[in-house]
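> There's a structure below that I have some questions on.
Readers should treat all values here as calculations from the given coordinates under stated rules, not as data from a laboratory. Everything quoted here is computed from the prediction, not taken from an experiment. Heads up, the Cβs are rebuilt from the backbone with ideal geometry, glycines too, and the neighbour counts pull from every protein chain shown.
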Amino acid sequence: MSGVVYSKNNIPVPNVNVEYRMYKSSSYPESTLGSVRTNESGEFKFTFWAKKRRGYDLKCFCDSGYNKQSIYKYGEANTIDLHLE
């Protein structure tokens, strides 16, 4: 999974923490599986195997804003850009 974090003005944001979390059967995360920081171009990348019957999402927060996005495609590479609110 890879993507870019953008500010409210569509500018890539460097040095932002992005987490991916797993859900089992509720709307509360069961665990945080990992986190990375964006590079100088606002890009991030995760590599992991998604389990079936689990929900996953990406969460990003910094001084410029916040975003949470669900991951819904299993078995293939995902590209998800996060736009801060």
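> Which cross-chain or sequence-distant (5 or more) residues have an amide H under 5 Å from the amide H of Asp81, H modelled 1.01 Å from N in plane?
Val4
> What are the ³J(HN,Hα) couplings of segment 6-23, residue after residue, when phi is run through the Karplus curve with 6.51, -1.76, 1.60 and θ = phi - 60°? Round to Hz, x for glycine and proline.
10, 6, 4, 9, 6, 10, x, 10, x, 6, 10, 7, 10, 10, 10, 10, 10, 10
> So, one more: Can you give me the distance in nm between label points at Asp57 and Arg37, each placed 7 Å from the Cα along the Cα-to-Cβ direction?
Spacing of the two 7 Å Cα→Cβ label points: 2.5 nm.
> Can you work out ³J(HN,Hα) from phi for every residue in segment 30-35, in order, using Karplus 6.51 cos²θ - 1.76 cosθ + 1.60 and θ = phi - 60°, giving whole Hz and x for Gly and Pro?
Values, residue by residue: 6, 6, 8, 8, x, 8 Hz.
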